[in-house]
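Inspection log for the structure reproduced underneath, given as structure tokens.
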Amino acid sequence: MPRLASVNELEAYRARLAATRDPTRPCLTVCAGSGCTAAGAGDVLTALRKNVEKAGLKDGVDVKSTGCHGFCERGPIMIVWPEGTFYNKVASSDARAIVASIADGHVPVEKLLYRDPASGQAVVREDEVPFYARQRRVLFGNNGRIDPKNIDDYLNVGGYAALGKVLSGMTWEQVIDQVKRSGLRGRGGAGFPTGVKWGFCRQNPAPRYLICNADEGDPGAFMDRSLLEGNPHSILEGMIIGAFALGVEEGYVYVRAEYPLAVEHLRVAIEQAENYGLLGDNILGSGQRFRVHVVKGAGAFVCGEETALIRSIEGKVGEPQPRPPYPAQRGLWNRPTVINNVKTWASVPVILNRGPEWYAAIGTEKSKGTMVFSLVGKINNTGLVEVPMGITLREMIYEIGGGIPGGKELKAIQIGGPSGGCIPASLIDLAIDYDELTKAGSMMGSGGMVVMDESTCMVDVARYFMEFLEDESCGQCFPCRKGTQRMREILTRICAGHGKEEDLALLEDLGWLMRQTSLCALGQTAANPVLTTLRYFRDEYLAHIRDQQCPAKVCKQLIYYEIDPVFCDGCGACVKVCAGEAILGEKKKLHTIDAAKCTRCGACMEVCQPKAVLVSTGAIPCPV
Amino acid sequence: MPSLKINGIETEVEHGMSVLDAARFLGLPIPTLCHDDGLTPAGACRLCVVEVERNGTRKLLSACTLPAEDGLVVWTHSERVERARRLLLELYVATCPSSKRIQDLASRYGANICRYDAEHEICIQCGLCVRMCEQQMMAGAIGFAGRGSNRRVSRPFDMTSDRCRQCGACLYICPVCELRCAGPQADTTLCSGCLNFATVCLQSYDHAMCSLDPCHACELSGPFRPDVRVKNELLKIPTGELK
Ligand SMILES: Cc1cc2nc3c(=O)[nH]c(=O)nc-3n(C[C@H](O)[C@H](O)[C@H](O)COP(=O)(O)O)c2cc1C
Ligand code: SF4
Ligand code: SF4
Ligand code: SF4
Ligand code: SF4
Ligand code: SF4
Ligand code: FES
Ligand code: FES
């Protein structure tokens, strides 16, 4: 293991690596991200290794596990290099055919190729898959190429070159200036200009600290985890550069405890970087000293808030603190501290490598670069997507996401995590950037994107998010603790058909109050789902209140199930699944539902072959 | 010495003072529920919010936790602040209708409707008792436990702590232990305010308020008092010309 004592040694080592690595040598990379592992990537890897050995190709073919490619739904995913053949839904039983195809001169295994559902055409390379074609994977692109536990893999794709550049003669002012000029804004939610934040912090006296926020408490979001697991060195490199620019000797990564693989990969990366002389004392002979500590988070959503996170690292209760003073003035141990998100740190090497102008050319006027979204919900292709800022929702949903399943209509898109807002389908041509989203009442947040179709009740959605936020509020400040509770109560009442028209004004007043007076951003943004649904889907609220109807037929207290006498053939399947014993009727005869016993679970509707079970909303008609 | 502008008044204050201290130094009343001069600030009740201008944007920030810094521009009783306090107090009254302190503040800030069902909570989590016990009584016998709606003041393992000196300071300082008067409307959520009045200053001088609390002019039956205004409207006397 080399200890690199200067930038020149780093570059010499990189050249040596490139020379020993034959780019034409076949390599089978299997995604070992959390999604693919759950789908059986581990078995695929074992089977591939076994088959390679059996075929006597052990010296000619490499088998490697890599990080997440984003298209987790189609996992396990693998790629055959050097051709870059993309296979999806691979099973361990396919291993023989894959290895045989390499021996046979790389004829792709037809049945493992991705088929475009629109055209039915098989696609060979990853970048030709429609899911990837519109993406711009600046941060995630290397995930599928490198083994996260092998620093040489990272060096081989140009890793630590940005650090080399910084340490061979740049001043800290120049580094901060480049970050400023790139227009990078924090990827943790609020979108504060990163370079400006660094500049503020550097004005204050040393010792200073830096923190990588890898708490990722948003339910359903796993962008940061994928990067930590798949390419931990890119984050470390960003932090080391930050440490140089900010004059920091001590840094922390705050990872949630539910991410053991991320913690392990991070620890391995730190150890390797230290052994190589890229981290620790006298980095690359420059005299710069920087140590990174990994801290495991307590797993509360609010601990992602920067001041709460700082308290948590200090060993105190993770409750947010009033700002100002901002962390850049007084943060960890009361010292000036820069805290940035995982993706923000990982963007830093890219900016220094390619130059701020290159980076700033991606995106829109005020939102530069790429953003990673976790696309989930009623959409055909779920997964992680990295796109240039300014891409429209239409491109996102129909081109990358492949549209809405089951031929249903798009209704709304909820962006920005639990406290983001719901954007209606009518704004489908909205360009996604910080300011446009804010204008529409939503926010960028961490990049959660939940697609909803016509079968979603917007009042119920608002109620669901409020319930989450009520549970996650730290409870220290009054408007947030009581506001979330009262909002949840009012929304629950509306969903049950007991709402009053005055409730809507009350919800708006409460939302305003929480936004204006809450101590931290959790309370300040908690009303977003309510305020945006009120703004765009007021009719739906009114239908619940005035007519006791749930137009989407979701709210249990406002729906009832019936059996259509024309279609029911008396098969009795519904009786078997009904846990409430609410269905009456003899075999081969018409069945009926006793509304008083029915729990509205919908199980009967699912099993009825002739589709005789109907769901309606409104008052239950009087049986004649 | 930091110099800042509060309600248009240029003022210089000592280092380490908060905006709340500075405003009170000028005699401007700012309502608080979680603040006490002898204890560290908490920023929990949010009642002391003031409108602050920095870098061209105006935000509400809690005055008790905001350091009085050079160049700050502060409004202690702007319309936005008054609205926030009124809505906050509506929520407070619903939470703890039995507290005299809250009822008085509600009438002072014009919270004269309450659209929520009353809850009768026994604590608003202002933390005054916890800080009092720790910082003044040097006992540290009580603390907060739990999160969100489960957050509560408690003793270690929920048992009477032998660190407690039974001094009663925690009871003395608690703003909701103080019972409201059992006057004529004792059973309603809002006791309708023996102190109810409207602020003249806000209507005549935008965003500014005089220092007397309650204001002398408001106590006289001036033209801006709501009851007088209603009467004037009935008599078709234009309010503006009455000055
Ligand atoms: C309730 C709450 C939760 C948050 N959770 C996270 C999180 O999980 N990860 C994160 O990077 N930022 C989170 N943030 C934002 C951070 O407070 C902070 O703004 C961010 O880490 C700064 O980094 P950036 O400038 O790179 O965005 C959260 C904020 C709030 C209010
Ligand atoms: S806004 Fe909510 S989460 Fe933030 S400090 Fe207040 S109670 Fe805690
Ligand atoms: S499953 Fe459908 S067809 Fe069969 S008895 Fe029930 S309602 Fe009738
Ligand atoms: S909805 Fe559920 S409870 Fe009601 S009748 Fe059907 S199966 Fe039974
Ligand atoms: S009575 Fe006990 S708990 Fe209360 S302030 Fe005194 S020592 Fe603390
Ligand atoms: S018991 Fe009283 S003083 Fe203590 S936190 Fe609750 S309301 Fe405040
Ligand atoms: S885990 Fe394999 S693609 Fe995401
Ligand atoms: S007194 Fe300032 S928040 Fe309570």
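Read-outs throughout are calculated quantities, based only on the coordinates presented, and are distinct from any laboratory measurement. The structure presented is a predicted model; accordingly, all values stated were derived computationally and were not measured. Positions of Cβ are generated from backbone atoms using ideal geometry, with glycine treated the same way; all protein chains shown enter the neighbour counts.
Placing +1 on the Cβ of every Lys and Arg and -1 on the Cβ of every Asp and Glu, with nothing else charged, gives segment B:1-126 a dipole about its Cα centre of roughly 420 debye. Highest mean packing first, where packing is the average number of other Cβ atoms within 10 Å per residue, the peptides A:153-160, A:404-411 line up as A:153-160, A:404-411. Is segment B:58-164 best put as rounded, prolate or oblate by its Cα gyration tensor, with a ≥ b ≥ c the root eigenvalues, rounded for a/c under 1.5, and otherwise prolate when a/b is larger than b/c, oblate when not? Oblate. The length gained on full extension between A:Lys366 and A:Leu590, counted as 0.36 nm times the residue separation minus their Cα-Cα distance, comes to 74.3 nm. Among the residues of A:602-612, the average count of other protein chain beta-carbon atoms within 10 Å of the residue beta-carbon is 0.
Of the cross-linked pairs A:Lys482/B:Lys5; A:Lys111/A:Lys343; A:Lys58/A:Lys149; A:Lys50/A:Lys111; A:Lys89/A:Lys611; A:Lys408/A:Lys556, which ones have a Cα-Cα span greater than 24 Å in the structure shown? With Cα atoms farther than 24 Å apart: A:Lys482/B:Lys5; A:Lys111/A:Lys343; A:Lys89/A:Lys611.
Kirkwood radius and radius of gyration were both taken over the C-alpha atoms of segment A:491-624, and their ratio Rg/Rh is 1.15. What does the charge add up to near A:Leu534, with Lys and Arg as +1, Asp and Glu as -1, over the other residues with Cβ less than 13 Å from its Cβ? Once positives and negatives cancel, what remains is -3. With the simple model of a label 7 Å out from the Cα in the direction of the Cβ, A:Ala55 to B:Leu179 spans 8.7 nm. One equal scatterer on each Cα of segment A:198-243, no solvent, Debye formula: the resulting log10 I(q)/I(0) at q = 0.28, 0.33 Å⁻¹ is -1.03, -1.21. Per residue, the Cα convex hull of chain A amounts to 166 Å³.
How many partner chain Cβ atoms sit within 10 Å of a residue's Cβ in peptide A:469-480, on average, as a whole number?
For peptide A:469-480, the averaged partner shielding equals 6.
Within straight-line reach of A:Lys296, meaning a Cα separation under 14 Å, sit the following aspartates and glutamates at least 8 residues removed in sequence or on another chain: A:Asp215, A:Glu216, A:Glu258, A:Glu264, A:Glu314. Among residues other than A:Ala612 with Cβ under 14 Å from its Cβ, the summed charge is -1 (Lys and Arg +1, Asp and Glu -1). Counting only DSSP beta bridges whose two residues both lie in the protein assembly as shown, roughly 65 percent are antiparallel. Legend: calculated FRET efficiency, B:Ser154 to A:Arg3, from the Cβ-Cβ distance at R0 = 41 Å, rounded to 0.05, equals 0.15.
Taking every residue in A:315-325 and counting other chain Cβ atoms within 10 Å of its Cβ, the average works out to 3. Annotation: extensible slack from A:Leu17 through A:Arg538 equals 181.4 nm (criterion: 0.36 nm per residue apart, minus Cα-Cα distance).
Rounded to two decimals, the Cα radius of gyration of segment A:166-307 over 2.2 N^0.38 Å is 1.04. Annotation: amide H-H contacts under 5 Å for A:Lys411 (H modelled 1.01 Å from N, sequence separation of 5 or more, or interchain): A:Met452, A:Asp453, A:Glu454. Here A:Ser168 and B:Val73 are evaluated by their C-beta separation; at R0 = 41 Å the FRET efficiency comes out at 0.30. For the pair B:Ser3 and A:Val577, a Förster radius of 56 Å applied to the C-beta separation gives a FRET efficiency near 0.15, rounded to the nearest 0.05.
What do you get for Rg/Rh of segment A:87-166 when both radii come from the Cα atoms and Rh is the Kirkwood radius?
Checking Rg against Rh, the ratio lands at 1.07.
Shape annotation for segment A:556-624: C-alpha extents along the principal axes are 30, 25, 17 Å, from largest to smallest. Distance between the modelled labels on B:Leu26 and A:Lys316, one decimal in nanometres: 3.0 nm (7 Å Cα→Cβ projection).
Excluding same-chain neighbours fewer than eight residues apart, the lysines reachable from A:Lys366 by a Cα-Cα span under 16 Å are A:Lys180, A:Lys439.
Straight-line cross-link reach from A:Lys588 at under 16 Å between alpha-carbon atoms covers these aspartates and glutamates, not counting any fewer than eight positions away in the same chain: A:Asp564, A:Asp569.
Relative to the 2.2 N^0.38 Å rule of thumb, segment A:112-230 has a C-alpha radius of gyration ratio of 1.40. Beta bridges from DSSP with both residues in segment A:10-163: antiparallel share about 70 percent, rounded to the nearest 5. Near B:Cys181, once Lys and Arg are set to +1 and Asp and Glu to -1 for all other residues with Cβ below 10 Å from its Cβ, the sum equals +1. From helices alone, chain A scores -11000 deg cm²/dmol at 222 nm; the rule is -39500 (n - 2.57) for each run of n ≥ 4 DSSP H residues, then divide by the residue total.
Could I have the simple spin-label model distance between B:Phe144 and A:Arg354, label points 7 Å from Cα toward Cβ, reported in nm to one decimal? So the label points at B:Phe144 and A:Arg354 sit 4.4 nm apart. For a test of the definition: using alpha carbon positions, the gyration tensor, and the 1.5 limit on a/c, classify segment A:405-557 as rounded, prolate or oblate. Because a/c hits 1.5 or more and a/b fails to exceed b/c, segment A:405-557 counts as oblate. Compared with the alpha-carbon gap, the fully stretched path from A:Ala505 to A:Ala431 is longer by 23.6 nm at 0.36 nm per residue.
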